[in-house]
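Asks: Below is the structure I would like to discuss, written out as structure tokens.
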Amino acid sequence: MSAYVISGGRRLEGCVSVHGAKNSVLPILAATILSGGVSVIHNCPNLSDVAASIAILEHLGCHVRREGETVTVDSAGLDRCDIPEKLMREMRSSVIFLGPILARTGQARVSMPGGCELGPRPVDLHLAALRRLGAEIREAGGNLHCSAPRGLRAAEINLSIPSVGATENVMLAACGARGTTVINNAAREPEIWDLQQFLNACGARVRGAGSSVIAVEGGIPLHAAEHRVIADRICAATYLSAAALAGGEVTVEGVPRAQLAPVTDLFTAAGCRLREEPHRVTLTSDGRLRRVPPVRTAPYPGFPTDAQPPVMAALTRAAGSSVFVETIFENRYRHTQELARMGADIRVEGRVAVVTGVPALHGAGLEAADLRGGAALVVAALGAEGESEITGIHHIRRGYDGLPRNLAALGANIAEV
Ligand code: EPZ
């Protein structure tokens with residue numbers, strides 16, 4: 001089993017060009033099904049979740065070719081509408097394929113996506129919305145059997161939670177629904193805007209992404225498109241967290257500064273110096289942070305839940321106590337036990353975690369249990385005294401392309417063994 005071995009305590013200096021956003025690439029790869037043409041997606045990171053999406057596209061009959069950061073998908077040959085359990089289990093967000101398969105073929109069969117490390121990951125909002133669009137969905141034997149015998153038809157969809165995945169699934173299905181679908185309380189994440197850009201490049205008429213109301217004029221025949229995926233704001237937040245704790249001066253480039261505002265505001269409050277340009281952010285830190293006001297995760301543009309674990313790791317040595325409230329997922333504090341093995345003082349009560357700074361962290365043998373929790377362990381190990389070995393790095397590879405290489409280039413002592 002491979003692992004990261006990190007000797008902490010070294011300052012980090014340099015610039016990271018942030019790779020394409022995992023949470024943008026995944027729905028856009030699913031969207032290539034809609035056109036039946038040859039779409040070219042640039043800035044595709046080399047992640048296991050991207051490989052899982054490509055495996056699903058190939059299973060469905062598409063031809064996919066990767067050349068470096070460019071993935072080409074020819075979906076003309078799509079001749080299936082089912083995703084087997086093995087492929088569904090690879091990646092929780094495979095449910096995003098439901099909408100486009102339905103829109104393209106009028107039927108779909110997928111297994112119920114398993115829960116994941118963050119707790120149950122229900123898809124009730126996805127299914128209720130697709131039913132509103134005219135899909136008949138039967139749950140049997142752990143599978144979802146979906147069909148739209150009379151085709152999909154536009155509807156007004158009211159999401160009780162601004163769910164990112166449900167918003168994306170509805171946008172994709174609505175492209176195949178006659179009439180104009182309106183999504184109220186839509187998620188506002190930048191990745192939703194990126195999906196809108198790709199769909200409109202394919203000839204769709206989608207408006208409002210980034211706001212809470214999105215309108216999709218469906219039933220327009222779509223063609224393939226060429227698209228460059230936006231940069232990954234959560235990866236950027238992770239590198240900033242590493243610099244804040246380890247100390248040094250690190251620039252992340254490619255992410256619009258506004259998308260990092262909740263994280264850069266936090267590190268400013270923690271005593272770091274932030275220099276911000278339109279697509280570049282530089283964080284300077286002496287590694288000695290101070291407590292910050294309570295951090296409540298929230299849907300975009302609030303503090304991103306995905307940045308909570310790495311940012312928490314950065315605050316484990318801050319002077320004073322900082323309070324986190326995780327409002328999005330019910331089990332997103334699994335990294336705290338591992339951080340405690342390094343000497344961190346974190347008390348968890350339900351959705352609240354109180355991080356009280358300690359004078360130093362020490363290296364330890366650590367096990368990543370999920371993607372962003374694993375990233376938190378890497379951040380902490382970089383700021384710890386001594387050596388840490390982190391196993392379970394397959395979780396980290398789901399969302400970080402070239403993490404050891406990029407950190408070593410910044411001066412970290414990290415090796416993959
Ligand atoms: C997306 O997951 C991201 N994944 C997650 O990133 C991210 O944490 C999350 O959005 C929130 O920003 C991808 O984009 C591939 P949600 P998603 O639907 O769509 C509940 C990472 O680390 N809910 O916005 O699954 C749900 O349980 C990953 O990169 C329902 O109750 O998130 C959660 O509590 C982790 N019913 C809340 O809504 C539903 O039908 C937000 O979930 C759907 C969701």
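Asks: All but one of (1) within 15 Å of the ligand (Cβ to nearest atom); (2) buried (at least 24 other Cβ atoms within 10 Å of the Cβ); (3) within 20 Å of the chain's Cα centre (by Cα); (4) in contact (Cβ under 8 Å) with a residue 60 or more places away in the chain hold for A166; which doesn't?
Replies: (4)
Asks: Take the range 153-179 and flag every residue that is in a strand (DSSP E or B), in contact with a Gly (Cβ under 7 Å, 6 or more places away or on another chain) and within 26 Å of N23 (Cα to Cα).
Replies: A177, the sole residue that qualifies.
Asks: Shifting gears a bit: Of the numbered conditions (1) within 16 Å of the ligand (Cβ to nearest atom); (2) touching a Gly at 6+ places or on another chain (Cβ under 6 Å), G287 satisfies every one except a single condition; which is it?
Replies: The one condition G287 does not meet is (1).
Asks: Pairs please, first residue from the range 124-143 and within 15 Å of M171 (Cβ to Cβ), second anywhere and open to solvent by 80 Å² or more (accessible area, probe 1.4 Å) and in a loop (DSSP other than H, G, I, E, B), Cβ atoms under 7 Å, 6+ apart in sequence or on different chains.
Replies: L125/S160; L125/I161
Asks: Which residue is nearest to I157 (Cα to Cα), if the candidates are limited to the range 199-211 and must be open to solvent by 40 Å² or more (accessible area, probe 1.4 Å) and in contact (Cβ under 8 Å) with a residue 24 or more places away in the chain?
Replies: Once the filter is applied, the top-ranked residue is S211.
Asks: Could you check the range 259-290 and list, in sequence order, the residues that are touching a residue at least 24 places away in the same chain (Cβ under 8 Å) and under 22 Å from the mean Cα position of the chain (by Cα)?
Replies: Result: Q259, L260, A261, P262, V263, T264, L266, F267, H279, R280, V281.
Asks: Return the total of residues in the range 212-235 being surrounded by fewer than 18 Cβ atoms within 10 Å (Cβ to Cβ) and within 16 Å of the ligand (Cβ to nearest atom).
Replies: Result for the range 212-235: 1.
For (1) buried (at least 23 other Cβ atoms within 10 Å of the Cβ); (2) among the aliphatic types (A, V, I, L, M); (3) not in a loop (DSSP other than H, G, I, E, B), each residue gets a yes or a no:
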residue	(1), (2), (3)
G271	no, no, no
T282	no, no, yes
G287	no, no, no
R296	no, no, yes
A307	yes, yes, yes
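Asks: In this structure, is A128 of a type in the set (A, V, I, L, M, F, W, C), closer than 23 Å to P113 by Cα, open to solvent by less than 10 Å² (accessible area, probe 1.4 Å) and in a helix (DSSP H, G or I)?
Replies: no
Asks: Report whether or not L118 is of a type in the set (A, V, I, L, M, F, W, C), touching a Lys or Arg at 6+ places or on another chain (Cβ under 8 Å), surrounded by fewer than 23 Cβ atoms within 10 Å (Cβ to Cβ) and closer than 19 Å to F329 by Cα. First the steps, then the outcome.
Replies: On the way: of a type in the set (A, V, I, L, M, F, W, C): yes; touching a Lys or Arg at 6+ places or on another chain (Cβ under 8 Å): yes; surrounded by fewer than 23 Cβ atoms within 10 Å (Cβ to Cβ): yes; closer than 19 Å to F329 by Cα: yes.
The answer is yes for L118.
Asks: What tally of residues in the range 61-76 results from selecting those that are in contact with a Leu (Cβ under 9 Å, 6 or more places away or on another chain) and farther than 19 Å from M171 by Cβ?
Replies: Number of matching residues: 5.
Asks: Check whether at least one residue in the range 16-24 is aliphatic (A, V, I, L, M), surrounded by fewer than 22 Cβ atoms within 10 Å (Cβ to Cβ), touching a residue at least 12 places away in the same chain (Cβ under 8 Å) and more than 16 Å from the ligand (Cβ to nearest atom), and report yes or no.
Replies: no
Asks: Taking the range 96-112 on its own, how many of its residues are among the hydrophobic types (A, V, I, L, M, F, W, C) and farther than 17 Å from C175 by Cα?
Replies: Qualifying residue count for the region: 2.
Asks: Go through (1) within 12 Å of the ligand (Cβ to nearest atom); (2) surrounded by fewer than 19 Cβ atoms within 10 Å (Cβ to Cβ) and name the single condition R153 misses.
Replies: Here R153 meets the rest and fails (1).
Asks: Still on this structure, please answer the following. When both residues are 6+ apart or on different chains and their Cβ atoms are under 8 Å apart, which pairs have a first residue that lies in the range 172-198 and is open to solvent by 10 Å² or more (accessible area, probe 1.4 Å), and a second that is more than 15 Å from the ligand (Cβ to nearest atom) and among the polar types (S, T, N, Q)?
Replies: R188/S211
Table: residues versus (1) open to solvent by 10 Å² or more (accessible area, probe 1.4 Å); (2) more than 25 Å from S111 (Cβ to Cβ).
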| position | (1), (2) |
| --- | --- |
| Y4 | no, yes |
| V50 | no, no |
| R66 | yes, yes |
| E69 | yes, yes |
| P84 | yes, no |
| E90 | yes, no |
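Asks: Name the residue, out of V354, V323, V311, that is under 19 Å from the mean Cα position of the chain (by Cα) and in contact (Cβ under 8 Å) with a residue 12 or more places away in the chain.
Replies: Values: V354 fails: under 19 Å from the mean Cα position of the chain (by Cα); V323 fails: under 19 Å from the mean Cα position of the chain (by Cα).
Every option except V311 fails the conditions.
The values are calculated or read from the model by the stated rules, or taken from the named source; none is laboratory data. None of the values given here were measured: they were computed from a predicted structure. Ideal geometry is used to build each Cβ from the backbone, glycine not excepted, and the neighbour counts take in all protein chains shown. Accessible surface areas use protein heavy atoms only, side chains included; no ligands, DNA or RNA. Shrake-Rupley method; radii C 1.70, N 1.55, O 1.52, S 1.80 Å.
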